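Novice: Encoded as structure tokens, here's the structure I'll be asking about.
Rule-based calculations on the coordinates, nothing more; no lab input. Everything numeric here is computed off the predicted structure, so don't read it as measured data. Glycine also receives a Cβ, built like all others from the backbone with ideal geometry; neighbour counts cover every protein chain displayed.
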Amino acid sequence: MGAVIPFPRQPHAQSLIKHTATLNWLDRHGAAHRERHAAWTAREAARMAWNRARSMRETGEALTFRIDHRSQVIG
């Protein structure tokens, strides 16, 4: 008999979870806005939302913002 070679598995649980970072922000006139940034990793979703928030703060488009995180099981 030959050696048993384990079957290479993908990180199964991680590949079935979609992460969403919701960016809530107020514009110069006090109107509330919401944007959702979805990715397959929590880190990537947060990075996209943070980059957008930082850009809006630097240009004066947003007065304040909040980022909420959510994970959703796909399947």
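Novice: Count the net charge of all other residues whose Cβ sits under 13 Å from the Cβ of A45, scoring Lys and Arg as +1 and Asp and Glu as -1.
Specialist: Around A45, the charge tally is +3.
Novice: Additional query: Once label points are set 7 Å from the Cα along Cα→Cβ at both N24 and Q72, what is their separation, rounded to one decimal in nm?
Specialist: Result for the modelled spin labels: 1.8 nm.
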